Amino acid sequence: MKLMVLGGGGREHAIIKKLRENPKVETIFALPGNGGISYDAQCENINALDLDRVVDFALANKVDFAVVAPDDPLAKGAVNRLLEVGIPAFGPTAEAAAIESSKVFAKELMRKYKIPTAEYRVFDSAADAIAYIEAADRFPVVVKADGLALGKGVIIAENLEDAVNAIHRIMTERVFGDSGNRIVIEEFLTGPEVTVLAFTDSKTLVPMVSSMDHKRVFDGDSGPNTGGMGTIAPNPFYTDEIALRCMKEIFLPTINAMNAEGRPFKGCLYFGLMLTESGPKVIEYNSRFGDPEAQVVLPLLETDLLTIMEAVVEERLSDIPVTFRKGAACCVVAASKGYPGKYETNLPISGLTEGQLEAKGQPGPVSVFHAGTKRIDEGLFTAGGRVLGVTAVGDTLQQAVDQAYAAMETIHFDGMHYRRDIGKKALLLTSEH
Ligand code: AMP
Ligand code: GLY
């Protein structure tokens, strides 16, 4: 089979590695892929958002199956376009991807179908939003741009001044463009955060092993938010009891709600949850695998990924037993100096084995997923804010964490930084029990 994967980050690398395990797979085209992905797939310099070119390429190269991994081509209708020309494609249609691409849509869905989430109001004028926050006088308060904003559209304002600044940046300066036409002002919730990815064909929903992201750039959850500096799976805060409750109160109601709205969701649905004192609540939905959640969840998946994805597209997910191996995984992200702000690129990367997919010191259970790299002949260079996701699988979380960090020690590029405490909170909780 010939597969095509849209996207070019660490998540796509993890997806491609997993898809390769199926012996039916002959070729994987990555559009555009990246330096590390080029060792596992044939990279094509085509922007995943250029849907005309994507569709032409898929037809010309007789692609048998496509996976659309990132949020923006999904929101733009990449899956709709591929299905129209008869190419089976994993991922939601644009109509279903609205669950991520419009926070207003997601919040209204949850309100209408009584899915637990933070209280909120929607505004299309900065003055009205500010007047509301002034009158409510409750801080912190959460300000969210309606549309996609590279994970930067959420601001937790500690006081009125911060809230007013956030609203002006989004609605007046329009730093996220049209994504800031409307905003959601939301109640601030507290509690441990859990990510649950789920395969769904709109009839059946199969949750994957839970995970925990580490969104802030520095140790101890300090500094600005990033796309994610590391992940672990499973998430020990997510007990079996909570999982049952989420299935009943959140997961199934969500796919039922999407069906009722005439927007059946097929693909990977991402539930960003907060375990509050009054129960689990939805912080956000994403219409895709998380990045870097995919980098810890997929290595634990025992079932063949392509088999699952085909079943999702053909709406026969209930026929496929999906299993995960016991044990745990840890992914630590190595980022460029300055990330999530401005950063330099084109710096040489050292310490990876030939093939660039393992750390020299630590082959075996460690995989290096490339997020932002560029290959020139056999040399690898940085090409993004998040550069590498060093991932280890172990029988215990402690083992996975230790192995990922040992591998990280051997890798180097100028200005490279990474958090030293990925998994720490989870390990503390596990040791308390
Ligand atoms: P998002 O970009 O939607 O994932 O949000 C980024 C982060 O902001 C989340 O992972 C949470 O830590 C935090 N956040 C979002 N909404 C809320 C909320 N209502 N209460 C508390 N924290 C929130
Ligand atoms: N890691 C968070 C996300 O993929 O949105």
query = Extension gain residue 259-residue 244, at 0.36 nm per residue separation less the Cα-Cα distance, in nm?
reply = 3.3 nm
task = Assuming R0 = 22 Å, can you tell me the calculated FRET efficiency for the pair residue 42 and residue 85, based on Cβ-Cβ distance, to the nearest 0.05?
result = 0.60
query = Hey, rough spin-label estimate for residue 278 and residue 49, points 7 angstrom out along Cα→Cβ, what's it come to in nanometres?
reply = 3.9 nm
note = Cross-link reach from residue 103 to aspartates and glutamates, straight Cα distance under 12 Å and at least 8 residues apart if same chain, gives 146, 186, 284
query = Listing 168, 370 from the residue with the fewest other Cβ atoms within 10 Å to the one with the most, what is the order?
reply = 168, 370
key: Globularity index of the range 210-338, i.e. its alpha-carbon radius of gyration over 2.2 N^0.38 Å   = 1.15
ask   = What is the fewest-to-most order of 16, 156 by other Cβ atoms lying within 10 Å of their Cβ?
value = 156, 16
key: Estimated D of the chain in µm² per second, where Rh is the Kirkwood radius over Cα pairs and Stokes-Einstein applies at 10 °C, 1.306 mPa s   = 72 µm²/s
query = When the Karplus curve 6.51 cos²θ - 1.76 cosθ + 1.60 is applied with θ = phi - 60°, which whole-Hz ³J(HN,Hα) does each residue of the range 259-268 get, with x for Gly and Pro?
reply = 5, 4, 7, x, 10, x, 9, 10, x, 10
message = Taking the alpha-carbon distance from residue 266 and a cut-off under 12 Å, which aspartates and glutamates remain once sequence neighbours fewer than 8 residues away in the same chain are dropped?
response = 95, 201, 310, 314, 315
task = Work out the FRET efficiency for residue 219 and residue 325 from their Cβ-Cβ distance, taking R0 = 30 Å, and round it to the nearest 0.05.
result = 0.55
task = Under 14 Å Cα to Cα from residue 112, which aspartates and glutamates show up? Leave out anything in the same chain fewer than 8 places away.
result = 249, 261
inquiry  = Net charge within 12 Å of residue 313 by Cβ-Cβ distance, Lys/Arg positive one each and Asp/Glu negative one each, not counting residue 313 itself?
reply    = -3
Computed helical MRE - 222 nm, the chain, DSSP H runs ≥ 4 contributing -39500 (n - 2.57), nearest 500 = -8000 deg cm²/dmol
key: Sum of side-chain charges, residue 415 neighbourhood, beta-carbon under 9 Å (Lys, Arg +1; Asp, Glu -1)   = -1
remark   = Here P(r) for the range 285-340, Cα-Cα distances in 5 Å bins, as whole percents, is 4, 15, 18, 20, 19, 10, 6, 5, 2, 0
ask   = Do any of 24/62; 114/144; 144/374; 18/424; 248/281; 152/342 go past 23 Å between their Cα atoms, and which?
value = 144/374; 18/424
The range 369-410 residues near the modelled residue 353 label - backbone nitrogen below 17 Å, point 7 Å along Cα→Cβ = 369-370, 389-394, 403-410
request  = Given the peptides 62-70, 116-124, 183-191, arrange them by the average over their residues of other C-beta atoms within 10 Å, most packed first.
outcome  = 62-70, 183-191, 116-124
remark   = Length gained, residue 61-residue 395, 0.36 nm per residue minus C-alpha separation, equals 116.1 nm
key: Lys, Arg +1 and Asp, Glu -1 on Cβ, resulting dipole of the chain about Cα centre, debye, nearest 20   = 160 debye
query = Could you give the distance between the Cα centres of the range 371-433 and the range 131-145, to the whole Å?
reply = 37 Å
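Values in this text are rule-based calculations from the coordinates and carry no lab data. Everything quoted here is computed from the prediction, not taken from an experiment. Cβ sites come from the backbone with ideal geometry, for glycine too, and all protein chains shown count toward neighbours.
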